[in-house]
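Inspection log for the structure reproduced underneath, given as structure tokens.
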Amino acid sequence: MSPQTTRRFRTAKAIQAAAIELSVRDGLANVTTEAIARHAGISTRTFFNYYPYKEAALMGPPPDYPPEASEKFVAGKGRLIDDLQVLISAHLARYLDEREMIAQMLALSDSDPKLEALRNSAMLARRAQMRGLLHRRMPGSDERVIEILAAAIIAATNAATKDWAAGTRPDFVASAHENLSLILTAAEMLGTASA
């Protein structure tokens with residue numbers, strides 16, 4: 001990341017932290033963009049350079065996959081699951097210091113329909129990104145298989161995020177790896193007779 005990109009990202013995260021802290025303390029309905037800006041130590045105008053409204057600030061910057069790790073995944077020649085785990089490790093490692101903030105954001109979004117819709121939209125965007133990476137990694141693959149695989153990967157990492165944020169799984173990355181391996185188990189289940 002360039003110094004300017006890094007600075008922008010840090011400011012976006014500071015705004016998110018301020019928005020979450022105020023929303024937890026005062027209730028989302030009582031928080032204004034002006035209050036978030038003041039709490040983050042920026043002007044309201046600067047706030048709007050980063051986020052269009054307070055709910056977007058609560059969600060933070062888009063959690064895109066790291067560019068370098070993404071390119072390594074696309075160029076990978078190993079087993080797909082192994083290369084995927086390397087990509088997901090790089091992706092999740094950026095959030096290891098944000099457990100409490102993520103837990104608070106998830107709790108807030110569970111109680112607010114607009115935030116929940118934004119969270120779902122972010123997951124769909126991540127799924128589209130994963131679909132694009134899979135297409136680049138495996139050009140010519142069946143579109144339906146790519147879509148199903150991308151959805152399963154996002155479901156696996158989302159479940160790991162919820163468990164880690166709730167404190168039921170202490171190791172975020174290990175939880176995600178375990179969930180990713182369950183995709184193989186789930187696929188095998190489709191070929192077995194039910195008991």
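Quick note: the coordinates plus some simple rules give every number you see, no bench work behind them. It should be emphasised that the depicted structure is a prediction, and the values quoted were computed from it without experimental measurement. Virtual Cβ from ideal backbone geometry, glycine too; neighbours counted across all protein chains shown.
Some notes on this structure:
- Under the convention that each Lys and Arg Cβ holds +1 and each Asp and Glu Cβ holds -1, the size of the dipole of the chain around its Cα centre is about 580 debye.
- FRET efficiency estimate (nearest 0.05) - Cβ-Cβ, ALA166 to ALA14, R0 30 angstrom: 0.75
- Its residue count N sets the reference 2.2 N^0.38 Å, and the alpha-carbon radius of gyration of the chain equals 1.13 times that reference.
- Model label points for LYS77 and THR5, set 7 angstrom from Cα along the Cα-to-Cβ axis, are 2.7 nm apart.
- Positive-end residue of VAL31, LEU115, ALA165, charge dipole of the chain with Cβ unit charges: VAL31
- Here the alpha carbons of region 113-195 define both size measures, Rg and Dmax, at 14.6, 42 Å.
- Rg followed by Dmax, in Å, when region 1-60 is reduced to its Cα trace: 11.0, 36
- Taking amide hydrogens as placed 1.01 Å from N in the peptide plane, the amide H of ARG169 sits under 5 Å from those of TRP164, each at least 5 positions away in sequence or on another chain.
- Peptides ranked, highest mean first, by Cβ atoms within 10 Å: ranges 182-190, 145-153, 165-173: 145-153, 165-173, 182-190
- Cα-based reach from LYS114 at 16 Å (exclusive), listing aspartates and glutamates while leaving out same-chain residues under 8 positions away: GLU55
- Counted charge near ARG94, where neighbours are those whose Cβ lies closer than 13 Å (Asp, Glu -1; Lys, Arg +1): -1
- For the chain, calculated [θ]222 nm from helices alone, where every DSSP H run of n ≥ 4 adds -39500 (n - 2.57): -25000 deg cm²/dmol
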